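K.L.:
Before I ask anything, let me first share the structure, which is written out below as structure tokens.
What follows draws every value from the coordinates through simple rules; no lab data is involved. Computed from a prediction, not measured in an experiment: that's the story for all the values here.
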Amino acid sequence: QDYLSNLNDDCLYRIFSLLTRKDLNTMELMNSRMRAFSRLTHFKDVKLPLHQLVIVQTSAGHSLVVQRVSEDLTTDIVFDFEM
């Protein structure tokens, strides 16, 4: 199921703010809504590459888990949301 396209704008904004330019370029190929988000100028800052982005269903709704990996650090960021 395509959970990403069903997310509200606030949630998508938070996700896209974490993506690298390369990831944004890939996301804009999905559909016109993703293209519009990926082209927002404030997303163009350089960021650490994402290792993993997963949406999981929980008893309270859904969670988005973002994992970034650099040479000496792994960072997990979790966003809880309802669909």
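K.L.:
Sequence-distant or interchain residues sharing an amide H contact under 5 Å with Thr20, placed H: which?
P.N.:
Correct list: Leu50.
K.L.:
For Ser17 and Glu71 in one chain, what is 0.36 nm times their gap in residues minus the Cα-Cα distance, to one decimal in nm?
P.N.:
Here the answer is 17.3 nm.
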